[in-house]
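The block underneath contains the structure these notes are about, expressed in structure tokens.
The values are calculated or read from the model by the stated rules, or taken from the named source; none is laboratory data. Computed from a predicted model, the values in this text were never measured in an experiment. Cβ: placed from backbone, ideal geometry, glycine included. Neighbour counts: every protein chain shown. Keep in mind that these areas ignore ligands, DNA and RNA; they rest on the heavy atoms of the full protein, side chains included. Shrake-Rupley method; radii C 1.70, N 1.55, O 1.52, S 1.80 Å.
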Amino acid sequence: KVVYLHDDNLTSGITLNETLLKISIVSCLKKLTGKSTISEAWLEILPHYKPDQVIGIKVNCINSSLPSHPQVVSALISSLLDFGVPENNIVIWDRTNGELSRCGYNLNTGDSGVRCLGTNSGGWGYDKGKPIKVAGQTRYLSKILTQLCDYLINVPVLKDHSAAGVTLSMKNHYGSVDNPGVMHGDNCDPFIVELN
């Protein structure tokens, strides 16, 4: 199911209208689920959610000129907070702390506030205990995904790509796995599909 919203007032050049963006995210989530409140909408999307569970938000920060917009993620987080998710149970994540910082995300590994960390943060890395097979290769997923998050929200970037043609939510998971560079052969086929 796809929900599309267009409003010329959402942007001015490359600047996002954050107030309107928050309203738009809520509107889209309610339209997607057919519910009248944001809490009902999130409950429809996450029907078994419990307040002690962690919601991971996977962003794409490999290109600092075209990342998952921090403002979009902030609007999404605002709706999760309105649903009742505790701040510290929301984790923004990607491959590295450096990439996240360069794209405007504030790193936080503490016990308060929304957490934000890269797989390269101390104590995380890749889960060598749970290997996966991707087109005959042994790969390892980020421990943030396998050990920290109970739910995953994917916030990809729509951009062109020299091998895959276009990047979207499935290509975003190249940032969830070790050594994604080896999964670009044959225009990323079958790597993207098998990884997902």
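Specify the angular offset, from 0 to 90 degrees and rounded to the nearest 10, of the alpha carbon long axis of helix 70-83 from the longest principal axis of the alpha carbons in the chain.
Relative to the chain, helix 70-83 is tipped by roughly 60 degrees.
Note down, for region 111-196, the three equivalent ellipsoid semi-axes (square root of 5 times each alpha carbon gyration tensor eigenvalue), biggest first, whole angstrom.
Each semi-axis is √(5λ); the values are 24, 17, 10 Å.
Return, in residue-number order, each cysteine of the chain whose C-beta is not under 4.7 Å from any other cysteine's C-beta.
By the Cβ distance rule, which asks for a partner under 4.7 Å, the isolated cysteines are C28, C116, C149, C188.
For the Cα atoms of the chain, what angle does the longest principal axis make with the long axis of helix 18-33, in degrees from 0 to 90, nearest 10?
80
Name the long-range amide H neighbours of I153: under 5 Å, sequence gap of 5 or more, or other chain; modelled H, no Pro or chain starts.
G56, I57, K58
When the accessible area of the chain is split by element with a 1.4 Å probe, what percent falls to carbon and sulfur?
Exposed carbon and sulfur together represent 51 percent of the surface.
Averaging the inverse of every distinct alpha carbon separation and then flipping it gives the Kirkwood radius. What is it for the chain, in angstrom units?
With all distinct Cα pairs of the chain included, I get 17.7 Å.
Relative contact order, percent, of the chain when contacts are C-alpha pairs under 8 Å separated by at least 6 residues?
It comes to 18 percent, rounded to a whole number.
Tell me, what is the per residue accessible area of region 1-126 in Å², probe radius 1.4 Å?
53
Rounded to two decimals, what ratio of Rg to Rh does region 95-141 give with C-alpha atoms and a Kirkwood Rh?
1.11
Which FRET efficiency value, to the nearest 0.05, is calculated for D186 and D160 with the Förster distance at 22 angstrom and r the Cβ-Cβ distance?
That pair, D186 with D160, gives E of 0.80.
What's the tally of Lys pairs in region 27-146 whose alpha-carbon atoms lie under 24 angstrom apart, where the two lysines are 8 or more places apart or on different chains?
Close lysine pairs found across region 27-146: 14.
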